[in-house]
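The values are calculated or read from the model by the stated rules, or taken from the named source; none is laboratory data. Predicted, not measured: the structure shown is a model, and the values here were computed from it. Here the Cβ positions follow ideal geometry from the backbone for every residue, glycine too, while neighbour counts run over all protein chains shown.
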Amino acid sequence: MLNSKKLLIISCSTGSGHLRAAEALRLTCDKLYPNVEVLHIDMADYLDGISRIYLVSFYNLFSNLIPFSYKLLYYLTNSWLAQIVFRAVSPIIRIGSRKLIKKIEEYKPDLIISTHFLPSLILPNKISTPIDTVITDYHAHKIWLTPKNRNFFVATEEIKIELGKFHIQSTVSGIPIHPNFFEQKDISKLRDKFNIKNNNPIILFMPTSRGKVSPALAINKILNHNFGTALNIVAIAGKNKKRNLDDLEQFKTVEHTNFTIFENVENIDELMKISDIIVGKAGGLTVSEALFLQKPIIIINPIPGQEDYNTSYLEKNHFGLSAKSDNDLVKKIQYILSNPTSINKKSYPDPSKIILDKALMI
């Protein structure tokens, strides 16, 4: 058992999922292993300027504004081209990661857990510290498959089998989610907290990327559709608060007193716990949170690539659905309300505990 020693968790802010998974691990480690000193850092904070711009800005540009290009890049690099492309790219990131190497040398961890492929890709050639990798999607892109890593933790048995084809050992753990999701909370008190004064079903709209489904227009159609029962609509504006709030507020009228908008929510687990249907993106963390809470989720506007795979996983196992248009979303909500048993439910233990119990046994 790794006691009275140091654990370094490294994420990277290309999408929030890697950060959230790392933070879930840190919080769980603090709780379960008080004798282990644990630190979580964002790799992007330790990159030189040009490398940071290259990595983070390009990700945001391609994934949010030019999704087709991101999809093309994702699938090209998930082939024999992957090694060629990243042999060319890795030196740029390595040169820009001198601050990261210095931080690791100063902290002197006994173990590193990475929730992003980049630390797993570049660090084994720079340091001797053991590195474990947590894959934060329901598909293992070939860029994650760095044989110099000690352990891999994956979401499903299917990924474990796929990695086995490359002679890579892995453990099925699930994807780490915030410890708040494991806390039992009084649902009626939570409904009161969010000023929901009736017992009607709650449809929760999570922030999403741009795409074929406009949350604002879809909400307007839902508010004016006869589902056979009254609904509560709760929407979270998210990062692009100004634009999203302007879009949503136009439909918040006196007649629609069952429509609530939040700029942001500290404890997102509470809104998810009281919801009957979740509408959102197919990030690995969001999918895992919905699965753990056994909530039906309808995916809209998935980022091409990994979120397509996450959506396929949900639909293949009947854990959720996807909607291709505003009208399709209305139909999918109606379907789930009319056929609640059509959505399978999955239960599993805390992924963070599984990961830490195995990783810290050194």
> Out of all the residues in region 312-329, is one or more part of a loop (DSSP other than H, G, I, E, B) and within 30 Å of LYS5 (Cα to Cα)?
Replying inline: no
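Residue by residue, here is whether (1) more than 24 Å from the chain's Cα centre (by Cα); (2) part of a loop (DSSP other than H, G, I, E, B); (3) under 24 Å from ASN339 (Cα atoms); (4) at pLDDT below 90 holds:
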site	(1), (2), (3), (4)
LEU204	no, no, yes, no
PRO207	no, yes, no, yes
LEU217	yes, no, no, yes
LYS221	yes, no, yes, yes
PHE227	yes, yes, yes, no
HIS256	yes, yes, no, yes
>> Test of understanding: among ASN310, ASN267, ASN339, which residue is surrounded by fewer than 21 Cβ atoms within 10 Å (Cβ to Cβ) and in contact (Cβ under 8 Å) with a residue 24 or more places away in the chain?
In response: ASN267
> Which of the residues spanning region 139-196 are without any contact (Cβ under 8 Å) to a residue 60 or more places away in the chain and under 30 Å from ILE261 (Cβ atoms)?
Replying inline: GLN184, ASP186, SER188, LYS189, ASP192
>> Only one of LEU32, LEU25 is closer than 18 Å to PHE181 by Cβ, buried (at least 24 other Cβ atoms within 10 Å of the Cβ) and touching a residue at least 40 places away in the same chain (Cβ under 8 Å). Can you tell me which?
In response: LEU25
